[in-house]
Amino acid sequence: MNTILDIMRVSPVIPVIAIDDPAHAVPLARALVAGGIRVLEVTLRTAHGLSAIAAIAEQVPEAIVGVGTLTSPEEFVAARDAGAVFGVSPGLTASLVAAAKSSGLPLLPGVMTPSEVMQAREAGFRQLKLFPAVPAGGIGMLNGIGGPLADVMFCPTGGISQENAAQFLALKNVACVGGSWLTPKDALLAGDWARITALAVAASALRRA
């Protein structure tokens, strides 16, 4: 499993994870995997992102751990060396394209407009993150862009929830969705891993809805 599309098709939801306490990384990953969610995006929004990726990669082999919020070329090699097997960025620049190619880290780049989708296609990307999905037009945007750009598959992220995820997953150009509702902060602070597993079980069932 080494392509972004393969990874996107493993689980209907990719949780967007921000680790504030390094001790949460492994039990959180285990709780998500126990609920059927194996693809995890650990973001670099906190200082503990890389160490969390390393811990999950080493101690939770069932997880497919990726790095999120890639915004600079230097982060690609560091994330790959920590154990990330894919990357996610909020946007796409020429330097990020070059870094993805040189590092060998499969990238799911973020786009928001039809022009950005076309630019990403020209750079060789056919799997993209629509971000922020709901402000960008949500389901209407994805339906509209699916005609002229039918060869692109999306992972919409931003404004996606348990309540609306199934509507996005029903679209033919959506392979999965991203969201942070699987890892509520109060559950993390309380160490309520059973609650997170329950949320993961519900998310895993979305594709069958």
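Within the range 147-157, the residues that satisfy the criterion of being part of a loop (DSSP other than H, G, I, E, B) and open to solvent by 20 Å² or more (accessible area, probe 1.4 Å) are GLY147, PRO148, ALA150, ASP151. State whether the residues of the range 6-14 include one that is surrounded by 22 or more Cβ atoms within 10 Å (Cβ to Cβ) and without any contact (Cβ under 8 Å) to a residue 60 or more places away in the chain. Within the range 6-14 (the criterion being surrounded by 22 or more Cβ atoms within 10 Å (Cβ to Cβ) and without any contact (Cβ under 8 Å) to a residue 60 or more places away in the chain), the answer is no, since none of the residues qualifies.
Inspect the range 178-197 for any residue being open to solvent by 60 Å² or more (accessible area, probe 1.4 Å), touching a strand residue (DSSP E or B) at 6+ places or on another chain (Cβ under 6 Å) and either at pLDDT below 95 or in a loop (DSSP other than H, G, I, E, B) (or both) and give the result as yes or no. The answer is yes; a qualifying residue exists. Has the range 3-19 got at least one residue that is over 21 Å from THR157 (Cα atoms) and more than 12 Å from the chain's Cα centre (by Cα)? The answer is no, given that none of the residues of the range 3-19 is over 21 Å from THR157 (Cα atoms) and more than 12 Å from the chain's Cα centre (by Cα). So which pairs qualify, if the first residue must be in the range 26-38 and open to solvent by 20 Å² or more (accessible area, probe 1.4 Å), the second must be of a type in the set (Phe, Trp, Tyr), the Cβ gap must be under 9 Å, and the two must be at least 6 apart or on different chains? Listed by first residue and then by second, the contacts come to PRO27/TRP193; ARG30/TRP193; ALA34/TRP193.
Take the conditions (1) over 16 Å from ILE14 (Cβ atoms); (2) touching a residue at least 12 places away in the same chain (Cβ under 8 Å); ASP192 misses just one of them, which is (2).
The values are calculated or read from the model by the stated rules, or taken from the named source; none is laboratory data. This one's a predicted model, so the numbers in the text were calculated from it and none came from an experiment. Backbone-built Cβ (ideal geometry, glycine too); neighbour counts: all protein chains shown. Just the protein is used for accessible areas: all its heavy atoms, side chains included, with ligands, DNA and RNA removed. Shrake-Rupley method; radii C 1.70, N 1.55, O 1.52, S 1.80 Å.
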